[in-house]
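Report on the following structure.
No lab work stands behind these numbers, since they all come straight from the coordinates. Please read these numbers as outputs of a predicted model, since none were measured by experiment. Every residue, glycine among them, receives a Cβ derived from its backbone with ideal geometry; neighbour counts consider all protein chains shown.
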Amino acid sequence: MTLVFDRLRKEYGQVVAIDDVTASFAPGLIHGVIGPNGAGKSTLINMTAGSYTVSAGSIALDGKRLDKLKKYQIANSGVARTYQNIRLFDQMTALENLEVCFYPSDVGGTWKEVVWPPYASARRDHRREKCMEILRFFDLQGHADAEAGSLPYGRQRMLEIARALVCNPRLLLLDEPAAGLNHHETADLTAKLAAQRSPDRITIIVEHDMDLVMALCDNIIVMHHGKLLFQGTPAEVQASTDVQLAYLGTANDIDDIRAAAQDRRAQLGIRTRRRS
Amino acid sequence: MSVAESLAAARPRSSRAVAFLVFAVAIALIAATPFLPNYYIRVIDSLLIYILLGIGLNIVIGYTGLLDLGFVAFYAVGAYSYALLASPQLDLHLPFLVILLVAASLGAITGILLGIPVLRLRGDYLAIVTLGFGEIVRIIINNVDWLTGGPKGIARLDKASILGIQIARPVDFFWLLLVVVLLAGLVAWRLERSILGKAWAAIREDQDAARGIGINTTNAKLAAFATSATIGSIAGAIFAASQRFVSPESFTLQESVLIVLMIVIGGIGNILGIVAGAAILILLPEVLREFAEWRILFLGLLMIFLIIVRPAGIVPRSFGPDKLIRRLFGK
């Protein structure tokens with residue numbers, strides 16, 4: 001089974017942000033969503049994760065309608081996401097940022113945790129073991145007890161992805177994971193994302209970094225003015241005259257896109273430095 | 001060994017010494033209290049009640065990050081539970097422990113009742129609405145004369161007793177309150193460390209991202225309101241039993257503000273800080289009693305000073321009970 005968008009639509013008053021998009025995403029693959037700014041890429045992610053409401057059409061994961069659920073219910077259906085602007089729990093440690101993801105499965109035992117210390121420490125050890133495993137995968141084990149907000153920008157990006165992966169999601173949504181990262185970090189991220197691939201997981205990446213998208217994705221969706229313009233493998237996308245004409249276009253245009261990506265990274269970089 | 005190295009080596013030992021000193025002083029104070037004159041014991045009783053209130057309110061403000069300015073309402077619910085169930089007012093004379101249970105349940109229910117309408121509110125808006133809630137409860141108590149005696153209050157409350165042991169003298173209340181404060185502190189601290197406590201922290205940091213990882217923020221917030229109100233209500237019942245008189249005057253906005261101040265000055269989100277904050281805000285006015293109207297000025301200056309030098313509170317969040325225990329017992 002898969003994630004299916006069926007004639008999905010998002011309108012803001014007169015503006016149509018997503019215009020009858022129908023697409024399906026198979027598990028085991030990494031799907032890239034590309035398109036110029038304002039094409040509706042992030043809107044797709046935000047609707048799937050329940051941050052935005054759906055104007056018309058439907059989103060279904062393994063046959064289950066997501067668009068009727070509340071945000072936390074969507075998360076509990078196996079959907080995890082990261083945000084375009086990092087949203088960690090800044091004053092909690094890196095480890096706690098992951099630990100809290102076990103809330104849905106462990107909250108029922110809260111009172112037992114309060115009154116029966118051996119149970120509490122057993123649960124905590126169990127949670128921590130799983131979290132440390134993910135932290136090690138992202139080379140963050142040395143930062144487990146550091147406050148998330150005090151970590152360098154690149155580490156925060158990694159931690160946010162770690163938080164999304166800790167509960168082994170069925171659907172992983174990454175909103176510009178490489179934004180603000182340097183070349184070295186982007187290469188590292190690409191390797192990590194390739195390694196997290198599993199036969200059961202649907203991974204969707206919205207990204208401006210074409211190198212990352214072309215290197216990582218099995219299937220690419222090209223969005224243009226809220227419409228699905230093209231869907232295919234990286235090679236097909238690069239070869240498609242449709243895509244070339246409409247948006248990748250000539251060599252000049254691909255440079256434009258790269259320049260836009262560069263700008264965006266610079267922007268985010270500055271904002272982060274100001275934040276920390 | 002260089003100076004820096006020896007300093008670094010000495011540091012854990014000296015901070016452990018400080019922890020032991022604090023611990024020893026606390027034990028000594030507790031041991032000495034029964035031998036003090038009644039006036040001092042009463043002051044310490046009231047200190048313990050405020051610590052209890054602080055522990056309760058801190059769950060909502062410190063752990064979950066929701067500014068509640070109407071906490072005194074739950075205190076009133078507990079106090080009037082005792083006043084109505086153990087006095088000639090309705091001619092009911094239930095046992096103290098039963099009333100504690102009733103007060104705790106009523107507290108939890110009112111906590112949830114307040115929680116539901118304010119679920120969507122945060123920050124200033126939440127503060128305003130909860131402030132209103134506190135005032136509404138006080139005004140209702142003030143006006144339902146047939147039940148609450150209105151502004152005159154309810155007098156001649158029963159003497160409390162637990163399993164045949166009478167709790168009447170200030171020193172009896174001291175021991176009772178000490179046990180209740182320790183229990184409430186333990187529960188609050190263990191809640192903070194539990195998975196629910198982590199979820200509260202996540203809501204405090206970023207409510208929307210908390211939903212995004214599957215936290216039902218409605219339930220988690222209501223749990224915070226309910227536990228917090230339960231502790232406030234228990235404090236109220238014990239307060240009524242110790243005064244053997246209740247009136248709406250004890251439940252003004254000023255009380256709510258005082259408890260919030262205690263938490264902020266002591267160290268938001270930290271039980272140890274609450275004890276420090278309560279000690280300053282409750283004991284200092286007593287110490288300064290001779291200076292009459294000047295004492296408010298002193299308190300104001302002290303607060304400004306503390307907020308400048310220790311903006312995170314006297315004992316910041318990072319130095320919680322876990323750290324104290326680690327300092328005391330190794331690792």
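Below are the figures for this structure:
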| quantity | calculated |
| --- | --- |
| Rg(Cα)/(2.2 N^0.38 Å) for segment A:51-201, N = residue count | 1.12 |
| Rg/Rh (Cα only; Kirkwood hydrodynamic radius) as it applies to the protein assembly as shown | 1.06 |
| Degrees between helix A:251-275 axis and first principal axis of chain A (Cα, 0 to 90, nearest 10) | 30 degrees |
| Volume per residue that the Cα convex hull of segment B:38-252 spans, once the total is divided by residue count, Å³ | 111 Å³ |
| Backbone HN-Hα couplings from phi across segment B:305-315 [Karplus 6.51/-1.76/1.60, Hz, Gly and Pro as x] | 4, 5, 5, 6, 7, 9, x, 8, x, 4, 10 |
| 30 Å Cα-Cα threshold exceeded, pairs from A:K41/A:K192; A:K41/B:K198; A:K112/A:K192; A:K192/B:K198 | A:K41/B:K198; A:K112/A:K192 |
| Förster radius 30 Å - calculated FRET efficiency between A:Q73 and A:H184, Cβ distance, rounded to 0.05 | 0.20 |
| Extent along principal axes [Cα atoms of segment B:136-204; Å; largest to smallest] | 45, 36, 18 |
| Between segment A:164-178 and segment B:305-331, the Cα center-to-center distance that results, in Å | 36 Å |
| Estimated inter-spin distance, B:L178 and A:D211, nm [label 7 Å along Cα→Cβ] | 6.9 nm |
| Average other protein chain Cβ within 10 Å of Cβ, residues B:183-194 | 3 |
| Segment B:187-202 - phi-based ³J(HN,Hα) in whole Hz, Karplus 6.51/-1.76/1.60, Gly and Pro as x | 4, 4, 5, 6, 5, 4, 7, 6, 5, 5, x, 5, 5, 4, 4, 5 |
| Over segment A:1-95, equivalent-ellipsoid semi-axes from the Cα gyration tensor in Å | 22, 17, 14 |
| By average C-beta atoms within 10 angstrom, highest first, the peptides A:183-192, B:100-109 | B:100-109, A:183-192 |
| In nm, spacing of pseudo-spin labels at B:V309 and A:N168 (7 Å Cα→C-beta vector) | 5.4 nm |
| Compactness of segment B:196-283 - radius of gyration and Dmax, Cα, Å | 16.1, 49 |
| Under 5 Å, built H, 5+ apart or other chain: amide partners of B:L69 | B:T130, B:L131 |
| Whole-Hz ³J(HN,Hα) from phi, Karplus 6.51 cos²θ - 1.76 cosθ + 1.60, for segment B:296-303, glycine and proline x | 5, 4, 4, 4, x, 4, 4, 5 |
| Simple spin-label estimate for A:R65 and B:R326 in nanometres, 7 Å along Cα-Cβ | 5.0 nm |
